[in-house]
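One structure is given below, represented as structure tokens, and several questions about it will come after.
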Ligand SMILES: [Zn+2]
């Protein structure tokens, strides 16, 4: 086994920048490329750790912002840390709270010091700074922690994005100074909106800090889906090839396949559990609404090629019945399938990279989207869950 927080590249695609690797953490390995399920409040909604393990999950996400609001990092730390608290033995990544502060909160003040916002939970004013975010993440104890960043909305002017990108860099330097635990890998986040030169400058600046991993943030925030591919494509060449790369908040087939072709290794998104709660299944790249009439008498499994517990045991008709009756089991069974499906998609790409057949076998997903629509408009948005 390699050093914790190191990354080994095992295979490369000869026709794209795709690579297969292993990211080593203190709680086990993460085989890349890989989709990571999101457990915002220290649980992946409706799933137990046993379900997640069976679905092939390796690293799962949790969220600093939400866990700070409830139950608070002190309780998680008293429980023995996030792994013990949520009974997940594998690797965990915590987001810094930056994205949620800017997307979910009523912000009172934002300046170089940090952000003051009103808690949507109990109305109290909360002060988040880079130091505070890192301190909370040190207490939560995830394997990978994220720098506190300013995530500008889309659309935003070049001036707005430039200011946010520069502030994100100054905050990153403070995050590095504040970080107290050598067993946790601190990843930096490249911002820069839809402006290629800002993305590239940010990536070059971050690379100089020699972090254990790098993320591309601020995508899937309302821009047309094809821009995600463009942003990733212009940014990755400026990130060090020997470090893991994580595209935040993206979990759609086309956008993941194209990002992998540009050299991205890790993804997260709330899509699989969010769609499940809307009675929808992800099948072969499509979104199926189980309430639709034809499913009422369709006794096939969702996907006969899927090894998940749901597909191995239940029919579309049964799932349609549960969804229509609003039975809670519907959400668990659909989440099991949807999470398995997205992890399996990235696992299949990983297998294809080892055989150097990625470009051929995933050609249908490597054609750029030309709809001009956002992921929200096509029913695959990554808006936060609670
Ligand atoms: Zn399935």
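The values are calculated or read from the model by the stated rules, or taken from the named source; none is laboratory data. Bear in mind that the values here come from a model prediction, so they are computed numbers and not experimental data. Virtual Cβ from ideal backbone geometry, glycine too; neighbours counted across all protein chains shown.
Starting from region 293-312, keep only residues that are on the phi < 0 side of the Ramachandran plot and at pLDDT below 95, then list their pairs with residues that are more than 15 Å from the ligand (Cβ to nearest atom) and assigned to a loop (DSSP other than H, G, I, E, B) whose Cβ atoms are within a distance under 7 Å, requiring at least 6 positions of separation or different chains.
Within 7 Å, no pair qualifies.
Being surrounded by fewer than 21 Cβ atoms within 10 Å (Cβ to Cβ) and part of a helix (DSSP H, G or I) is true for just one of 301, 272, 294. Which residue is that? Don't jump to the end; show me each part of the working.
Values: 301 fails: part of a helix (DSSP H, G or I); 272 fails: surrounded by fewer than 21 Cβ atoms within 10 Å (Cβ to Cβ).
Only one candidate qualifies: 294.
Could I ask something else about it? Closer than 20 Å to residue 44 by Cα, away from the ligand (no atom under 13 Å from the Cβ) and touching a helix residue (DSSP H, G or I) at 6+ places or on another chain (Cβ under 9 Å): is that true of residue 330 in this structure?
On the way: closer than 20 Å to residue 44 by Cα: yes; away from the ligand (no atom under 13 Å from the Cβ): yes; touching a helix residue (DSSP H, G or I) at 6+ places or on another chain (Cβ under 9 Å): yes.
It is true that residue 330 is closer than 20 Å to residue 44 by Cα, away from the ligand (no atom under 13 Å from the Cβ) and touching a helix residue (DSSP H, G or I) at 6+ places or on another chain (Cβ under 9 Å).
For region 13-29, enumerate the residues that are closer than 19 Å to residue 138 by Cα, part of a loop (DSSP other than H, G, I, E, B) and in contact with a strand residue (DSSP E or B) (Cβ under 8 Å, 6 or more places away or on another chain).
Residue satisfying the conditions is 27 alone.
On to the next question. Restricting the search to region 1-20, which residues are in contact with a helix residue (DSSP H, G or I) (Cβ under 9 Å, 6 or more places away or on another chain) and either surrounded by 19 or more Cβ atoms within 10 Å (Cβ to Cβ) or assigned by the TED database to the domain that holds residue 334 (or both)?
Of everything in region 1-20, those that are in contact with a helix residue (DSSP H, G or I) (Cβ under 9 Å, 6 or more places away or on another chain) and either surrounded by 19 or more Cβ atoms within 10 Å (Cβ to Cβ) or assigned by the TED database to the domain that holds residue 334 (or both) turn out to be 13, 18, 19, 20.
Moving on. Answer yes or no as to whether residue 94 is more than 23 Å from the chain's Cα centre (by Cα), within 22 Å of residue 174 (Cα to Cα) and not in a helix (DSSP H, G or I). If you could, list the steps in order and put the result at the bottom.
Details: more than 23 Å from the chain's Cα centre (by Cα): no; within 22 Å of residue 174 (Cα to Cα): yes; not in a helix (DSSP H, G or I): yes.
It is false that residue 94 is more than 23 Å from the chain's Cα centre (by Cα), within 22 Å of residue 174 (Cα to Cα) and not in a helix (DSSP H, G or I).
Rundown of residues vs (1) buried (at least 16 other Cβ atoms within 10 Å of the Cβ); (2) in contact with a helix residue (DSSP H, G or I) (Cβ under 8 Å, 6 or more places away or on another chain); (3) free of Cβ contacts under 8 Å to residues at least 12 places away in the same chain; (4) over 24 Å from residue 189 (Cβ atoms), yes/no style:
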| residue | (1), (2), (3), (4) |
| --- | --- |
| 77 | yes, yes, no, yes |
| 87 | no, yes, no, yes |
| 106 | no, no, no, no |
| 111 | no, no, yes, no |
| 114 | yes, yes, no, no |
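Another one. Looking only at residues that are free of Cβ contacts under 8 Å to residues at least 60 places away in the same chain and either part of a strand (DSSP E or B) or over 15 Å from the mean Cα position of the chain (by Cα) (or both) in region 30-62, which one is surrounded by the fewest Cβ atoms within 10 Å (Cβ to Cβ)?
Only one residue tops the list, namely 50.
Can you pull out the residues in region 125-146 that are farther than 14 Å from residue 65 by Cβ and in a loop (DSSP other than H, G, I, E, B)?
141, 143
While we're looking at this one, here's another question. What strands (runs of 3 or more DSSP E), lying completely within region 177-260, carry at least 3 residues that are closer than 28 Å to residue 81 by Cα and in contact with a helix residue (DSSP H, G or I) (Cβ under 8 Å, 6 or more places away or on another chain)? Give the steps one after another, and end with the answer.
Values: elements: 185-190, 213-216, 245-247.
Correct list: 185-190.
Only one residue in 348, 287 is touching a strand residue (DSSP E or B) at 6+ places or on another chain (Cβ under 7 Å), closer than 18 Å to residue 253 by Cβ and within 16 Å of the ligand (Cβ to nearest atom). Which one? Talk me through it step by step, then tell me what you get.
Numbers: 348 fails: touching a strand residue (DSSP E or B) at 6+ places or on another chain (Cβ under 7 Å).
That would be 287, the only listed residue that is touching a strand residue (DSSP E or B) at 6+ places or on another chain (Cβ under 7 Å), closer than 18 Å to residue 253 by Cβ and within 16 Å of the ligand (Cβ to nearest atom).
Could you please tell me which pairs satisfy a Cβ distance under 8 Å, a separation of 6+ or placement on different chains, a first residue in region 337-351 that is more than 14 Å from residue 54 (Cβ to Cβ), and a second residue that is within 14 Å of the ligand (Cβ to nearest atom)?
Every condition considered, the pairs that remain are 342/272; 342/282.
Please pick out the residue among 354, 358 that is buried (at least 16 other Cβ atoms within 10 Å of the Cβ) and either over 21 Å from residue 46 (Cβ atoms) or within 14 Å of the ligand (Cβ to nearest atom) (or both). Let's see the steps before the verdict.
Numbers: 354 fails: buried (at least 16 other Cβ atoms within 10 Å of the Cβ).
358 is the lone residue from the list that is buried (at least 16 other Cβ atoms within 10 Å of the Cβ) and either over 21 Å from residue 46 (Cβ atoms) or within 14 Å of the ligand (Cβ to nearest atom) (or both).
Looking at (1) away from the ligand (no atom under 15 Å from the Cβ); (2) under 24 Å from residue 246 (Cβ atoms), which is the one condition that is false for residue 273?
(1)
Looking for whichever is within 22 Å of the chain's Cα centre (by Cα) and within 24 Å of residue 48 (Cα to Cα) here; the options are 80, 141. Which one fits?
Working: 80 fails: within 22 Å of the chain's Cα centre (by Cα).
Of the residues listed, the single one that is within 22 Å of the chain's Cα centre (by Cα) and within 24 Å of residue 48 (Cα to Cα) is 141.
Each row is one residue, and each column tells you yes or no for (1) more than 14 Å from the ligand (Cβ to nearest atom); (2) touching a strand residue (DSSP E or B) at 6+ places or on another chain (Cβ under 9 Å).
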{"site": "292", "(1), (2)": "yes, no"}
{"site": "298", "(1), (2)": "yes, no"}
{"site": "301", "(1), (2)": "no, no"}
{"site": "304", "(1), (2)": "no, no"}
{"site": "318", "(1), (2)": "no, no"}
{"site": "324", "(1), (2)": "yes, no"}
{"site": "338", "(1), (2)": "no, yes"}
{"site": "341", "(1), (2)": "no, yes"}
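Inside region 275-291, can you point out the residues that are surrounded by 20 or more Cβ atoms within 10 Å (Cβ to Cβ) and assigned to a helix (DSSP H, G or I)?
275, 276
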